[in-house]
Amino acid sequence: MNAATRFLMNHKEMDPSELVLWLEDAATLQENHGTISKEKDDWVPGSVQFRHHKEAITRELDRAASLNVPTTKELEEAHAAAVSDILVNAEFIVLKGGYQKDESWFHNNGYISKDKLKRNYNKLVSSTATQPKAKNGPEIGEVTLGWERDEAAGSYLLQICKGIPVGDESYADQGYYKKVRVVVSNLERASWYYFRVRSIGHNEVGPWSEPVGIIVT
């Protein structure tokens with residue numbers, strides 16, 4: 001068994017802002033994990049390296065924004081380095097947990113179990129839209145969005161509109177997310193933005209939420 005068999009290893013496909021959130025969440029979870037925190041070998045990348053990668057990616061995201069370009073060579077290299085360490089970390093967890101026959105290694109570590117995804121496929125996404133909430137921060141020009149989890153959703157599609165929306169065509173895809181809390185960066189200050197979200201399940205989608213608007217500070 002390898003990591004790709006046990007976990008959803010979609011980190012390479014995550015955009016940098018999404019990967020930054022995953023790195024912080026995984027670092028915290030593994031630090032607080034009773035088994036991983038005590039028995040992880042020193043040579044294996046873990047919470048310390050995850051936070052270093054988070055800082056490097058965030059720094060390069062800010063640099064790309066200052067240059068008004070979607071990405072840079074340095075940002076792509078920082079992203080690739082993080083994904084490489086994530087793979088080593090996940091492979092170690094799977095090998096160690098399997099060798100010790102200890103299921104505790106496989107839970108609450110930042111990774112999504114494929115077994116959990118399979119169970120979710122038997123459920124229908126909620127017919128009631130999950131309503132997002134928005135607040136400014138944590139940094140200038142950023143908005144934090146959160147919504148309730150849909151247990152049957154494998155991911156969520158977030159859309160964004162600058163200014164008052166006048167129809168579906170006003171929105172653009174912001175990204176697909178596994179988590180229910182995301183930070184949207186590089187927004188224009190003193191401008192209205194509207195966001196909406198929908199659940200993505202197994203060959204089905206949920207309804208769009210009502211848009212939530214906020215003036216970026």
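Each reported figure results from applying straightforward, stated rules to the coordinates on display, with no laboratory input. Only a predicted model underlies this, so the values are computations on that prediction, with no experimental measurement involved. Reconstructed Cβ throughout: ideal geometry from the backbone, glycine too, with neighbour counts over all protein chains shown.
Key figures for this structure:
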| quantity | calculated |
| --- | --- |
| Relative contact order, percent, the chain [alpha-carbon distance under 8 Å, six or more residues apart] | 20 |
| Share of Cα-Cα pairs in the chain lying beyond 28 Å, as whole percent | 35 |
| Projected area averaged over orientations for the stretch 3-119, convex hull of C-alpha atoms, nm² | 7.3 |
| In Hz, Karplus ³J(HN,Hα) per residue of the stretch 156-171 (6.51, -1.76, 1.60; θ = phi - 60°; x = Gly, Pro) | 9, 9, 9, 10, 10, 9, 8, x, 5, x, 10, x, 4, 5, 6, 9 |
| Peptide ranges 152-162, 73-83 listed from the most packed, as the mean C-beta count within 10 angstrom indicates | 152-162, 73-83 |
| In degrees, nearest ten, helix 47-66 long axis to first principal axis of the chain (Cα) | 30 |
| Under 5 Å, built H, 5+ apart or other chain: amide partners of G175 | L158 |
| Ellipticity estimate at 222 nm from DSSP helix runs (n ≥ 4, -39,500 (n - 2.57)) divided over the chain, nearest 500 | -11500 deg cm²/dmol |
| Degrees, to the nearest 10: 73-100 long Cα axis against longest axis of the chain | 40 |
| Over the stretch 122-215, relative contact order from alpha-carbon pairs under 8 Å, at least 6 apart, % | 38 |
| In the stretch 105-186, lysine pairs closer than 24 Å at Cα, eight or more apart or cross-chain | 17 |
| Linear extension gain, N2 paired with K179, 0.36 nm per residue minus alpha-carbon span | 61.4 nm |
| Cα gyration tensor shape of the stretch 117-217, rounded if a/c is under 1.5, else prolate or oblate by comparing a/b with b/c | prolate |
| Degrees between helix 16-31 axis and first principal axis of the chain (Cα, 0 to 90, nearest 10) | 40 |
| Packing rank of 10-16, 88-94, where each peptide gets the mean count of other beta carbons within 10 Å, highest leading | 88-94, 10-16 |
| Fewest-first sequence of L95, L67 by Cβ atoms within 10 Å of each Cβ | L67, L95 |
| Relative contact order %, the stretch 54-162, counting alpha carbon pairs below 8 Å whose residues are six or more apart | 15 |
